[in-house]
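Visitor: Structure provided below as structure tokens; questions to follow.
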Amino acid sequence: MTVPFRRAGLLTILLFGTATTILSAAEKIPGTLTVHDSLTSPNQPATIEATLTWKGLLTETGLGGEPVELLVAGNVVATAMTGGDGRAFLLYTPKAKGAVPFTVRVGTTTRVAVTEAGANLAVWERRSPIMAVEMAALMEDPIGQGPTVTWPGKEAAGRRPMPDAAEELGKLTKFYYNVLYVVTQDKAEGTKDQVNAQARQWLRDQKFPVGYILVLPSSPEAFGAKLDELHAAGWKTLKIGVGRSKVFAEAFLQRRLEAVMVPEPAKGEAPRKAKVAKEWKDVRKKL
């Protein structure tokens, strides 16, 4: 090949590469928006945290300077801009108690493709009793495996609920308790928001009552610290926990609160003062 032909070929490659770059720049980034459940009281402001990220070839980075909108019942009720880490904080004050489904979406922007995510805002009266339920106590174990207490991630879709768990928990929450679902996160299964979304979908699919989903790291002291934080924030009616793990039960017992373990744990696994229910049909008898 002669030198002129070699240069012509190089020029063609450079021009093609430049055109491709311009085309890519015109395309919108496929960002990912994530949110998690929030908790507040009627007529008290709630802070909804949303995170907008973009996943490159090697890393996932936050997308700053982008508009996001909070929608309740299809109406935009708050707007905010993402910071340098991709996080945005939206304020909303609900008027009545209950579970408020909400959606957060990317607003009008030339850089990011429209994306959205949803979660629930639990609006509870502070005087209403709260029951914490460990998600592991709601799921049957995989065949051939022992008890699992961390969130099973993508595998959750195929996990069956414990017999009568949804029906019994529905009875407990219909007229009396608000339910706080505690999910122990395995870091390999995704971010806090992703685990929150997976747990919400499983609960919905299995017809469990709507509640507030709390995702915590799998460390022995995590729930005890959160329990103290909730009580300090005024949620003092959280006095009972229904769970599967010894660590979960001990977090309540160490604070002179009640704990029920279900299903019946192996011998020696239940703390001395914990109540034990063989199955979910027995839980109400222990409260």
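The values are calculated or read from the model by the stated rules, or taken from the named source; none is laboratory data. Computed from a predicted structure; not experimentally measured. Positions of Cβ are generated from backbone atoms using ideal geometry, with glycine treated the same way; all protein chains shown enter the neighbour counts.
Visitor: Hey, among 224, 268, 241, 234, which residue is touching a Phe, Trp or Tyr at 6+ places or on another chain (Cβ under 6 Å) and outside the structural domain of residue 36 (by TED's automatic domain parsing)? Quick ask: steps written out before the conclusion?
Guide: Values: 224 fails: touching a Phe, Trp or Tyr at 6+ places or on another chain (Cβ under 6 Å); 268 fails: touching a Phe, Trp or Tyr at 6+ places or on another chain (Cβ under 6 Å); 234 fails: touching a Phe, Trp or Tyr at 6+ places or on another chain (Cβ under 6 Å).
The conditions single out 241.
Visitor: Here's another thing I want to ask about it. I'm trying to understand the selection: among the residues of segment 30-57, which are surrounded by fewer than 16 Cβ atoms within 10 Å (Cβ to Cβ) and at pLDDT below 95?
Guide: Those that are surrounded by fewer than 16 Cβ atoms within 10 Å (Cβ to Cβ) and at pLDDT below 95: 30, 55, 56, 57.
Visitor: Please specify each residue of segment 256-272 satisfying the condition of being in a loop (DSSP other than H, G, I, E, B) and surrounded by 13 or more Cβ atoms within 10 Å (Cβ to Cβ).
Guide: 257, 262, 263, 264, 265, 269, 270, 271
Visitor: With the structure loaded, tell me whether residue 156 is small (Gly, Ala, Ser) and more than 20 Å from residue 274 (Cα to Cα) or whether it fails that test.
Guide: For residue 156, the condition - small (Gly, Ala, Ser) and more than 20 Å from residue 274 (Cα to Cα) - is met.
Visitor: Just to be sure before I move on: is residue 87 more than 23 Å from residue 181 (Cβ to Cβ), at pLDDT 95 or above and not assigned by TED's automatic domain parsing to the domain that holds residue 235 in the structure I sent?
Guide: yes
Visitor: Does residue 112 qualify as being outside the structural domain of residue 204 (by TED's automatic domain parsing), of a type in the set (A, V, I, L, M) and either in contact with a Gly (Cβ under 6 Å, 6 or more places away or on another chain) or at positive phi (or both)?
Guide: yes
Visitor: Here is a further query. Being modelled with pLDDT under 95 and more than 19 Å from the chain's Cα centre (by Cα) is true for just one of 106, 114, 76. Which residue is that?
Guide: Values: 106 fails: modelled with pLDDT under 95; 76 fails: modelled with pLDDT under 95.
Sole residue among the options that is modelled with pLDDT under 95 and more than 19 Å from the chain's Cα centre (by Cα): 114.
Visitor: Could you list all residues from segment 34-70 that are closer than 19 Å to residue 229 by Cβ, in a strand (DSSP E or B) and in contact with a Lys or Arg (Cβ under 8 Å, 6 or more places away or on another chain)?
Guide: 49
Visitor: Could you tell me how many of the residues in segment 84-111 are out of contact with any Pro (no Cβ under 8 Å at 6 or more places or on another chain) and over 23 Å from residue 215 (Cα atoms)? Explain how you work it out, then say what you get.
Guide: From segment 84-111, those out of contact with any Pro (no Cβ under 8 Å at 6 or more places or on another chain) are 84-90, 98-99, 101-105, 110-111; that's our starting set.
Remaining after also requiring over 23 Å from residue 215 (Cα atoms): 84, 110-111.
Looking only at that region, the number is 3.
Visitor: Those residues that are surrounded by fewer than 19 Cβ atoms within 10 Å (Cβ to Cβ), within 25 Å of residue 121 (Cβ to Cβ) and of a type in the set (Asp, Glu), I need them from segment 149-199; list them, please.
Guide: Across segment 149-199, the qualifying residue is only 189.
Visitor: Hey, among 252, 248, which residue is of a type outside the set (Gly, Ala, Ser), crowded, with 22+ Cβ neighbours inside 10 Å and more than 21 Å from residue 140 (Cβ to Cβ)?
Guide: 252
Visitor: Count, please, the residues in segment 90-119 that happen to be of a type in the set (A, V, I, L, M, F, W, C) and surrounded by fewer than 14 Cβ atoms within 10 Å (Cβ to Cβ).
Guide: Counting residues in segment 90-119 that are of a type in the set (A, V, I, L, M, F, W, C) and surrounded by fewer than 14 Cβ atoms within 10 Å (Cβ to Cβ) gives 4.
Visitor: For segment 108-160, what are the residues that are within 22 Å of residue 281 (Cα to Cα) and among the aliphatic types (A, V, I, L, M)?
Guide: Scanning segment 108-160 gives 130, 131, 132, 133, 135, 136, 137, 138, 139, 149.
Visitor: Listed residues 100, 76, 72; which is touching a strand residue (DSSP E or B) at 6+ places or on another chain (Cβ under 7 Å) and under 18 Å from residue 52 (Cβ atoms)?
Guide: One residue alone meets the criteria, 76.
Visitor: Still on this model: Looking at segment 133-147, can you tell me whether even one residue there is in a strand (DSSP E or B), at pLDDT 95 or above, of a type outside the set (Lys, Arg) and touching a Leu at 6+ places or on another chain (Cβ under 6 Å)?
Guide: Checked segment 133-147: no residue is in a strand (DSSP E or B), at pLDDT 95 or above, of a type outside the set (Lys, Arg) and touching a Leu at 6+ places or on another chain (Cβ under 6 Å).
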